[in-house]
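Here's the structure, in C-alpha cells; my notes come after.
The values are calculated or read from the model by the stated rules, or taken from the named source; none is laboratory data. If you're wondering where the values come from, they're calculated on a predicted model, not measured in any experiment. Here the Cβ positions follow ideal geometry from the backbone for every residue, glycine too, while neighbour counts run over all protein chains shown. Heads up: the accessible areas ignore ligands, DNA and RNA and are worked out on the full protein's heavy atoms, side chains in. Shrake-Rupley method; radii C 1.70, N 1.55, O 1.52, S 1.80 Å.
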Amino acid sequence: MRDHEPAPDAAPRSTESSGAGAPASGVASRRLLSGLFGRRISGECASVALGVFAVLFGIIVTAHLVRLLNRAASGSVAADTVLAAMSFQTLNLFPLVLALTIFVAALIALTRAHRDSEMVVWFACGVPLRAFMVPLLRFALPFIALVALLTLFVRPWAVTRSLELQSELQSRDEIALVAPGVFKETRSGKKVYFVERFADFGQSLAELFIRSADPRGDSITVARSGNVERNDKGDRYLVMRDGHRYEPGGDPGTWRVTRFERADVLIQPYDKESPGGSAKSRSTAELFASDRPADIAELQWRFHMPIAALLLVLLAVPLGFVNPRAKRSVNLVLAILIYAVYSNALSITNAWVAQGRLAPLPGFILVHVALGAVILALLAWQTGMFSRLRGRP
C-alpha cells in the first residue's frame, strides 16, 4: 500500500498536461485530415485526368485524321504527308486539350466527392474551404506549366512547320497528288489525270488516262503502265508505255490516233512559295519586340492559355458542389455554359485587340477578371457569406 501513496499527487499533473495539449492536438488532427484530403483529391484528379485526356485526345485526333484521309483520298493532300500534317496539328491543339483535361478532371473528382458525402465529412472534421485549393493546384500546376511551355515555344514551331509543309505541297508536281481511282485536275486546269491503280508498291502506275487541253482541241492519252523518271539534268518525266494518243485531226470531226510503245512527258513543278509571315508562326521573342496589333494579340493569346487553365481549375471548386435536391447534371451544364461564354469572350476580345478596336491591357485582363469575379461570387454563395452579410444589422 505504501508503494501507491504518491498516486493522488500524480493525477493532477496528468490532468494539467492533458489540458495544455488539447489545442495542439486539435490543430494536429486538422493538419492530418487536410493532408489526407489533399493526397486523396490529388490522386483522384490525376487518375481521372488520364481517362479524360485519352477521350479528348482520341476524339480530336480521330476527327482531324478522318478529315486528312478524306482530303488524301480526293487527291488534295499527298498521302505521304498525312502523318506529318497530323503531327503538327496535334501539337497545335495540345495546349487546349491539356487545359480542358485538368478542368474536367477536377470537376469530376469534386462532384463525386460531394455526391458521396465525402465533402460533408471533411467539413465536419474542420477542413476549411481554402484547403480545397491546395491539392487542386498541386495537381494542376505541372499541367499549367506544360501548357505555357507548349503555347509559348512549341506551338509557334508547329505552325511554322505546318505552313512550310503546305507551301511544299503547293510546289509539288502534278503526278505527286494523283490518287488511284480518282480524276485529278491539275492546278492550271489544262490536264486531267486518272490512274486505275498503283503497282510495284507505288513505284509505277497502271492503266493511265490523261486528258490535255489544247488550242486545237482536247487530246486524250491512254497507257497500260507508266512511271516517273529523272534525267541527268534533274528534270522529271512521266514515262508511259504501250498506249495510244487521240488528238483532233486536220478536218472537223476527225481524230488522229497514234500508237506508241513509249512516250515521255515533261512534268513541270510549281515554283515553291515561301510561307507568309503570320503572327502565329512568329517566335515569342519576336512578338515581344513587335508593336503591330496582330502580333500583340497573338502574344496575349499565348498567355491567355495558361491563365485560362488556372482559372478553370479554380472554377471547378464551386461548380463541383452538388445539391442533392437538384438534378445531377446541373453543375455540368453550368460548367459547359460558363466555359463556352469564357472561351468566346477571349476570342472576341483578342480579335478586337488584333483589329485595334480595343487597347491591349483591357483586352488582356477584362475577361479573366470577369471569370475571377464569377468564381469569388460562387464561392461566397456556397459558403453562405451572402447570407451572413444580409444578417448583419
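Any chance segment 375-389 includes a residue that's part of a helix (DSSP H, G or I), farther than 24 Å from F123 by Cα, modelled with pLDDT under 95 and of a type outside the set (D, E)?
No, every residue in segment 375-389 fails to be part of a helix (DSSP H, G or I), farther than 24 Å from F123 by Cα, modelled with pLDDT under 95 and of a type outside the set (D, E).
Filter segment 182-200 down to residues that are modelled with pLDDT under 80, open to solvent by less than 50 Å² (accessible area, probe 1.4 Å) and not aliphatic (A, V, I, L, M), then give me how many there are.
3
Among the candidates A22, A28, A72, A10, which residue alone is open to solvent by less than 50 Å² (accessible area, probe 1.4 Å), assigned to a helix (DSSP H, G or I), out of contact with any helix residue (DSSP H, G or I) (no Cβ under 7 Å at 6 or more places or on another chain) and modelled with pLDDT under 75?
The conditions single out A10.
Out of L141, L149, I need the residue that is surrounded by fewer than 18 Cβ atoms within 10 Å (Cβ to Cβ), under 24 Å from G38 (Cβ atoms), under 25 Å from the mean Cα position of the chain (by Cα) and among the aliphatic types (A, V, I, L, M). Which one?
Going through L141, L149 in turn, just one is surrounded by fewer than 18 Cβ atoms within 10 Å (Cβ to Cβ), under 24 Å from G38 (Cβ atoms), under 25 Å from the mean Cα position of the chain (by Cα) and among the aliphatic types (A, V, I, L, M): L141.
Does segment 265-280 hold any residues that are modelled with pLDDT of 85 or more and either open to solvent by 30 Å² or more (accessible area, probe 1.4 Å) or touching a strand residue (DSSP E or B) at 6+ places or on another chain (Cβ under 8 Å) (or both), and which are they?
Selection gives K280 alone.
Quick one: is V121 out of contact with any Ser or Thr (no Cβ under 9 Å at 6 or more places or on another chain), over 28 Å from L69 (Cα atoms) and of a type outside the set (S, T, Y)?
Criteria met by V121.
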